[in-house]
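Below: one structure, written as structure tokens.
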Amino acid sequence: MIIPDKILREYRVTEKAANLAANLNQYTFEVAPNANRKEIAEAVEKLFNVTVTSVNTLIKKPKVKIDRSRRGRPGTKGGHKKAIVTLKDGDAIELV
């Protein structure tokens, strides 16, 4: 059983994501690292009542940064998995 709240973590609000949503009917989500394409598609369909045509995933690796508050010791920032979901023509997700 797919639980959409466990798979879809948040909607990515960026300039590129807004451009994809407006022009190509594609929406960008941050997803759980162990989720696959089928699970992501089912979660979006169940949560937003739309039809998904394709899902592209990518993993952003964490960057190593020097942390000034810990006296120059390296730490990591930012790793996550992203999914770009393409919907059928005529479907849309209202995220307001």
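The values are calculated or read from the model by the stated rules, or taken from the named source; none is laboratory data. Small disclaimer: the values here were computed from a predicted structure and weren't measured. We place every Cβ from the backbone using ideal geometry, glycine too, and count neighbours over all the protein chains shown.
Numbers below:
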{"read-out": "Boolean, ILE93 is more than 15 Å from TYR11 (Cα to Cα), touching a residue at least 24 places away in the same chain (Cβ under 8 Å) and not charged (D, E, K, R)", "value": "no"}
{"read-out": "Enumeration of residues in segment 37-85 that are surrounded by fewer than 14 Cβ atoms within 10 Å (Cβ to Cβ), within 21 Å of ILE3 (Cβ to Cβ) and of a type in the set (S, T, N, Q)", "value": "ASN49, THR51"}
{"read-out": "Failed item in (1) surrounded by 15 or more Cβ atoms within 10 Å (Cβ to Cβ); (2) free of Cβ contacts under 8 Å to residues at least 12 places away in the same chain; (3) not small (Gly, Ala, Ser), with GLN26 passing the rest", "value": "(2)"}
{"read-out": "Cross-chain or 6+ apart pairs with Cβ under 6 Å, segment 56-80 first and under 19 Å from THR28 (Cα atoms), then loosely packed, with under 10 Cβ neighbours inside 10 Å and at pLDDT 85 or above", "value": "GLY79/LYS61"}
{"read-out": "From LYS16, LYS46, LYS63, LYS82, residue being of a type in the set (Lys, Arg) and touching a helix residue (DSSP H, G or I) at 6+ places or on another chain (Cβ under 7 Å)", "value": "LYS46"}
